[in-house]
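Undergrad: Right, I'll just put the structure down here and ask away after.
Since every read-out is calculated from the coordinates, none of them should be taken as a lab result. Worth saying up front: this structure is predicted, and the values here are computed from it rather than measured. Cβ placement follows ideal geometry from the backbone for every residue including glycine, while neighbour counts extend to all protein chains displayed.
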Amino acid sequence: MNLLLAAAMVFQLRAFPQASIASPGRPAHIHLTAELTGPEDEALYCPRIVWEWPDETESSYEADCEPYAPGADFPRRWSRDVNSGPGSWNVCARLEKPEGKVRRKACVSFEVN
């Protein structure tokens, strides 16, 4: 693995909106986007994304990718929509390889009043 390339990869997690108001009996709708940017890196090719939710549960997604080849296209952006009641929420996403090694992790906080 080229450590200079791996260090240049950036993994970000964003929430939109970061502040919202929930109506009685109607939660706020929050859109989460995780994105991997930077130069190609075999170590981060076609990762599994694991979402870590505030209730300490997890969900994951893994694409069915062809074996790595330079220039291969693979998912670099993932999104989830969540409905949240009032409170301060923290969600994390991590990128893992099949052997379970965590390659990147990002977290985002949002507020629902």
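Undergrad: Under unit Cβ charges (Lys, Arg +1; Asp, Glu -1), what dipole magnitude, rounded to 20 debye, does region 3-112 have relative to its Cα centre? Can you show the working numbers first?
TA: Working: 12 positive and 16 negative charges, 64 e Å.
Roughly 300 debye for region 3-112.
Undergrad: What's the local net charge at Glu52, with K and R +1, D and E -1, over the other residues with C-beta under 14 Å away? Don't skip to the end; give the middle numbers.
TA: Numbers: positive: Arg48, Arg80, Arg94, Arg104, Lys105; negative: Asp55, Glu56, Glu58, Glu96.
My count for the surroundings of Glu52 gives +1.
Undergrad: Then there is this: Can you work out the FRET efficiency for the pair Gln18 and Arg77, with r the C-beta to C-beta distance and R0 = 25 Å, to the nearest 0.05?
TA: Details: r = 19 Å, r/R0 = 0.75.
With R0 = 25 Å, the Cβ-Cβ based efficiency is 0.85.
Undergrad: For the chain, what does the convex hull of the Cα positions come to per residue, in cubic angstrom?
TA: Per-residue hull volume (Cα only) is 103 Å³.
Undergrad: Follow-up. Assign unit charges at the C-beta atoms only (+1 for Lys and Arg, -1 for Asp and Glu), then state the dipole size of region 63-113 relative to its Cα centre in Debye, rounded to the nearest 20. Walk me through the intermediate numbers first.
TA: Working: 9 positive and 7 negative charges, 53 e Å.
Roughly 260 debye, rounded to the nearest 20.
Undergrad: Something else now. Give, as a single signed number, the net charge of other residues whose beta carbon lies under 10 Å from the beta carbon of Ala72, with Lys and Arg counted +1 and Asp and Glu -1. Walk me through the numbers on the way to the answer.
TA: On the way: positive: none; negative: Glu40, Glu42, Glu66, Asp73.
Combined, the nearby Lys, Arg, Asp and Glu give -4.
Undergrad: Okay, moving on. Among Cys65, Cys46, Cys92, determine the one that fluctuates most according to a GNM of the chain built with springs between C-alpha atoms less than 10 Å apart.
TA: Cys65
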